[in-house]
Amino acid sequence: QVQLVESGGGLVQAGGSLRLSCAASGHSSSYAMGWFRQAPGKEREFVTTISRSGAITSYAESVKGRFTISRDNVENTVYLQMNSLKPEDTAVYYCAAARTYSTSRADFDSWGQGTQVTVSS
């Protein structure tokens, strides 16, 4: 397994932007990486995922066109650029690693501790 540490969360006004980072120990290029989020009282949900090379990405419909996932396999870091943020984006955001490219939470077996994103209206 790989160890993951997220950073970059915070409080932002609606319409604003944030960039989350996920630093991975070891060779994160061996893993597909994803971001999930969990709002209070809700299930953890898929946000986006990126293949090992970075060539393939997928997004939840709710964030498509606003969020962008990217990765730097030299720095072992994955990023989530979030633009045009909405109050409904408020959640704890988790970085996760999977051995195969997937959008299913069940396929991700390494998780970070999460970072809080709060969007005020």
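Heavy atoms of the protein chains alone define the surface here; on that basis the chain has 49 Å² accessible area per residue at 1.4 Å probe size. Projected over every direction and averaged, the convex hull enclosing the alpha-carbon atoms of segment 1-45 yields 4.5 nm². Applying the Karplus relation 6.51 cos²θ - 1.76 cosθ + 1.60 with θ = phi - 60° to segment 6-23 yields 3J(HN,Hα) values of 8, 7, x, x, x, 9, 9, 7, 4, x, x, 10, 9, 10, 8, 10, 9, 8 Hz, where x marks Gly and Pro.
Taking only Cα atoms and a 10 Å spring cutoff, compute GNM fluctuations for the chain and point out the largest among ALA97, ALA106, ALA60. In the Gaussian network model the winner is ALA106. Extension gain, GLN13 to SER62: 0.36 nm times the residue separation minus the Cα-Cα distance gives 15.8 nm. Taking only protein heavy atoms and a 1.4 Å probe, the accessible area of the chain is 46% carbon and sulfur.
Per residue, the average separation of C-alpha pairs within less than 8 Å and at least 6 apart gives the chain a relative contact order of 36 percent. Net charge around GLU88, counting only other residues with Cβ within less than 12 Å of its Cβ (Lys, Arg = +1; Asp, Glu = -1)? Local net charge: +2.
Only Cα pairs within less than 10 Å get springs; with that Gaussian network setup on the chain, which residue of LYS42, LYS64, LYS86 has the largest fluctuation? Of LYS42, LYS64, LYS86, the Gaussian network model singles out LYS42 as fluctuating most. What percentage of all Cα-Cα pairs in segment 62-121 are separated by more than 18 Å? Taking all Cα-Cα pairs of segment 62-121, the fraction more than 18 Å apart is 44 percent.
Evaluated with a Cβ-only charge set (Lys, Arg +1; Asp, Glu -1), segment 6-121 carries a dipole of roughly 120 debye about its Cα centre, given to the nearest 20. Under a 5 Å amide H cut-off, with hydrogens placed 1.01 Å from N, PHE67 pairs with ASN83 among residues at least 5 apart or on other chains.
The values are calculated or read from the model by the stated rules, or taken from the named source; none is laboratory data. Nothing here was measured: the structure is a model prediction, and the numbers come from that model. Counting neighbours? That spans all protein chains shown, and the Cβs are built from the backbone with ideal geometry, glycine included. Side chains included, ligands, DNA and RNA excluded: accessible areas come from the protein's heavy atoms. Shrake-Rupley method; radii C 1.70, N 1.55, O 1.52, S 1.80 Å.
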